[in-house]
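Before any comments, here is the structure.
Derivation of every value follows stated rules applied to the coordinates shown; laboratory data play no part. Because the structure is predicted, anything quoted here is derived from the model rather than measured. Ideal geometry is used to build each Cβ from the backbone, glycine not excepted, and the neighbour counts take in all protein chains shown.
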Amino acid sequence: MNRSVFLLFILVFSSCIPTQIAPKFKNKTYKVTLAKKFERTLEREMAFIFKDPKDAEEFYKYLNKKFQLQHKDVGTNVPFQLNNETLYLSYTEISRNDTSINLPLVAVDAKRQANGNSSLFERSHTSNNEHWYIVITVYDEQIENCLKNTHRLKDKTIEYLKALQMEYFKVQNYDELLLNKKS
């Protein structure tokens with residue numbers, strides 16, 4: 001009994017307890033889901049969501065160059081052609097965090113304070129890793145969400161967005177997009 005209590009004590013005080021966990025998409029690099037389920041502040045609409053490994057504003061720069069928008073309405077209703085129809089893409093960047101409490105450091109500081117000493121690890125009681133996600137919605141000219149299960153272009157739209165995502169990941173210099181488009 002003492003041995004198991006000791007092992008439990010060591011396990012608890014040598015670990016971090018997660019308090020927030022950023023979403024991970026099982027076996028895929030994206031997820032199609034209700035945006036409101038992903039982030040409460042978003043609208044209740046179907047969205048294509050993927051984790052953005054690049055720096056902030058990189059997706060903005062990518063869309064601006066790809067669609068030659070000259071910094072006008074880059075995140076809102078960007079028109080593109082799919083199956084001879086004009087669709088409109090909008091996106092937003094969302095930050096989500098992985099946060100955990102570092103119990104060993106909290107315990108050491110608590111003991112130090114009980115002995116009348118100052119804290120050593122006060123800034124390290126929690127660890128925080130920030131992750132960025134791109135949330136994309138696509139609408140047709142009748143203002144119907146193209147990612148809904150009932151929309152006739154749902155599969156084609158998802159394929160287009162997957163290709164867009166892969167191109168975004170691959171391209172480092174967005175001026176290359178202009179060269180590829182012309183050739």
task = Would you list, by chain and number, the aspartates and glutamates whose Cα falls below 13 Å from the Cα of K156, excluding same-chain residues fewer than 8 positions away?
result = E85, D140
task = Convert each backbone phi in segment 145-152 into a coupling constant with the Karplus relation 6.51 cos²θ - 1.76 cosθ + 1.60 (shift: θ = phi - 60°), then list the ³J(HN,Hα) values in order as whole Hz, x for Gly and Pro.
result = 5, 6, 9, 5, 4, 8, 6, 5
Estimated distance in nm for a label pair at A56 and D98, the labels positioned 7 Å out from Cα along Cα-to-Cβ = 2.1 nm
note = Listed by chain and number, the lysines with an alpha carbon less than 20 angstrom from that of K54, same-chain partners under 8 positions apart left out, are K24, K28, K31, K65, K66, K162, K170
inquiry  = With the crude spin-label approximation of a point 7 Å out along Cα→Cβ, what separation in nm comes out for N117 versus T76?
reply    = 5.7 nm
query = What length, rounded to one decimal in nm, is gained on full extension from A107 through to R3, with 0.36 nm per residue of separation minus their alpha-carbon distance?
reply = 35.3 nm
ask   = Amide H neighbours of L82 under 5 Å, counting only residues 5+ apart in sequence or on other chains, H built in-plane at 1.01 Å?
value = L87
task = Note down the nm distance, to one decimal, between modelled labels 7 Å out along Cα→Cβ at F25 and at E141.
result = 3.0 nm
ask   = For D155, D73, D52, D98, what ranking results if the residue with the fewest other Cβ atoms within 10 Å of its Cβ goes first?
value = D155, D73, D98, D52
